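The values are calculated or read from the model by the stated rules, or taken from the named source; none is laboratory data. Computed from a prediction, not measured in an experiment: that's the story for all the values here. All Cβ positions, glycine included, derive from the backbone under ideal geometry; neighbour counts span all protein chains shown.
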Amino acid sequence: MKAFLLLLVTVLTVLTAHAADRPPNVVIIFCDDLGYADIGPFGQKSFATPNLDRMAAEGRCFTNFHVSSAVCSASRSAILTGCYHSRVGIHGALLPSSPIGLNPGDTTIAEMLKQKNYATGMAGKWHLGAKPEWMPTRRGFDEWLGLPYSNDMWPHCPEAKPGAYPDLPMYDGEKVLIPAMTHEDQNTMTTRYTERAVAFIEKNKDRPFFFYLAHNMPHVPLHVSAKFAGKSGAGLFGDVIQEIDWSVGEVLAALKRAGVDEHTLVIFTSDNGPWLSYGDHAGSAGPLREGKGTSWDGGTRVPCVMRWPGKIPAGTKTDTIAMTIDILPTVAALTGAKLPERKIDGLDVWPLLSGAPDAKNPHRAYATWYANNELQSVTDGRWKLVFPHTYRSAVGMPRATGGIPSNYRPTKLEKAELFDTVGDIGETTDRAADHPEIVASLTKFANEMRSELGDSLTRMKGSANREPARVQKK
């Protein structure tokens, strides 16, 4: 008996040491057009999100978390490369016919983690180039189930003009699984992606893994499975968010069953704020100004919950600013992976995640570009300087219903304005005249960023912009 107990202790000791040496798993759940106030931990009251509520109770909410640009492709390039999208040359939302994609020279999180022998998988929306050579399986992912771009780039979209888009395919790896998505196929997307994530976790539980779950929802046209249709009591949008919440619960349950729950960092966030012109088919930015497609906080500030039992303090919040560009370098520091050889913009923000005493953001400030490389704002986390530009405003416009959008009102900001985004979260009161020293400091930072990455508003060309991949002319 003593020999058996000694053997058991030895085995457990070895297994514990192995687990301690093994780098952590990473799961990123990246929603599409999810607004700041669309989930319970960030103020949603119209319907329940119990799994995200639990994730927040077991993890940490980041109430001042931003994307580098409030639009699809640009935002996705930033989270995957740790770079401002302007650095890697991905602007706006790429069309199915777009001749560009993410340059192979810019390293994705998946490619970085392959150095450490990670299993890497993805389910969901790619939107970083639709040519075969630019797809996820060529960018470090062992497997991928999903769409090459947005689900509204589709012949059946209500406002699509005839012939505007080709058939929308769903891929499984490099093979077309569904050549032409139907409404019924779109209804099953969230469930399909979730089932793939769960299967991946179960298959790779004995080695380090990275999974990128990039839901197409709640981007219009909204679709939901039969098991959630009509269940939220808050219309189709509420049904869609409840299915996403279910998906989060399935992922967390899979981690628990696989015995890797306490060894996995899970990040839940969104690519930008709500697409407000869609009215009851769009989410809410809550107290924030405007939404998707603008550099106001309603466009760039997104809900973010991170969970890692025993590593990230449970039931906590931080209003210290961070951005999606910081995820890659933070993951590199946690896993021991080598950072990309090309310059990136993000920095390791692990002290913010772990709740270290007096943790501060290591960045001097952040910049936000939109449209054709317009540097529209810079922020240090409290103070935000917004430069003169024209933006699309949803304020005062008729509220759309049934998935057909209303118009925006083009609105011009005539002069640079300074906002205290802590004391004035809605960016309502210009404080530039009260704080000329802060205006000067943020302007200096903006000029440095213009010099490096350009700014079409001031007609400045950057010295360090990189080209995207391009279709070679024959």
_Residue ID - surrounded by the fewest Cβ atoms within 10 Å (Cβ to Cβ), chosen from residues in region 121-146 that are in contact with a helix residue (DSSP H, G or I) (Cβ under 8 Å, 6 or more places away or on another chain) and of a type in the set (A, V, I, L, M, F, W, C)_ = Leu145
*Might you let me know whether region 184-207 holds any residue that is in the same structural domain as Thr108 (by TED's automatic domain parsing), touching a Leu at 6+ places or on another chain (Cβ under 6 Å) and either surrounded by fewer than 17 Cβ atoms within 10 Å (Cβ to Cβ) or not in a helix (DSSP H, G or I) (or both)?*
no
*With respect to Val220, is the statement that it is touching a residue at least 40 places away in the same chain (Cβ under 8 Å) and either outside any loop (DSSP other than H, G, I, E, B) or not assigned by TED's automatic domain parsing to the domain that holds Met153 (or both) true?*
no
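Regarding region 334-344, can at least one residue be identified that is at positive phi, surrounded by fewer than 22 Cβ atoms within 10 Å (Cβ to Cβ) and over 17 Å from the mean Cα position of the chain (by Cα)?
So in region 334-344, the residues at positive phi come out as 336.
Remaining after also requiring surrounded by fewer than 22 Cβ atoms within 10 Å (Cβ to Cβ): 336.
Now restrict to residues that are over 17 Å from the mean Cα position of the chain (by Cα): 336.
Yes, some residue in region 334-344 is at positive phi, surrounded by fewer than 22 Cβ atoms within 10 Å (Cβ to Cβ) and over 17 Å from the mean Cα position of the chain (by Cα).
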*Could you figure out which of (1) crowded, with 21+ Cβ neighbours inside 10 Å; (2) over 20 Å from Asn64 (Cα atoms) isn't true of Gly283?*
(2)
_Among the numbered criteria (1) closer than 19 Å to Gly40 by Cα; (2) in contact with a Pro (Cβ under 8 Å, 6 or more places away or on another chain), which one does Ala314 miss?_
(2)
*Test: Thr316 is polar (S, T, N, Q), surrounded by fewer than 20 Cβ atoms within 10 Å (Cβ to Cβ), over 21 Å from Phe211 (Cβ atoms) and not assigned by TED's automatic domain parsing to the domain that holds Phe445*: yes
*asked:* Need a quick list: helices (runs of 4 or more DSSP H) entirely within region 62-142 having at least 1 residues that are over 18 Å from the mean Cα position of the chain (by Cα).
replied: 109-114
_Listing of strands (runs of 3 or more DSSP E) fully contained in region 367-474 that carry 3 or more residues being modelled with pLDDT of 95 or more, farther than 24 Å from Arg87 by Cα and not aromatic (Phe, Trp, Tyr)_ = 409-413, 417-420
_Looking at region 156-165, can you tell me whether even one residue there is charged (D, E, K, R) and over 18 Å from Ile29 (Cβ atoms)?_
yes
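Among the residues of region 171-219, write down those that are of a type in the set (Lys, Arg) and within 20 Å of the chain's Cα centre (by Cα). Walk me through how you get there before you give the answer.
Within region 171-219, the subset of a type in the set (Lys, Arg) is 175, 192, 196, 203, 205, 207.
Scanning region 171-219 gives Arg192, Arg196.
How many of the residues making up region 387-420 are polar (S, T, N, Q) and in contact with a Gly (Cβ under 8 Å, 6 or more places away or on another chain)? Break it down stepwise before answering.
From region 387-420, those polar (S, T, N, Q) are 390, 393, 401, 406-407, 411; that's our starting set.
From the residues that got through so far, the ones that are in contact with a Gly (Cβ under 8 Å, 6 or more places away or on another chain) too are 401, 406.
Final tally of qualifying residues: 2.
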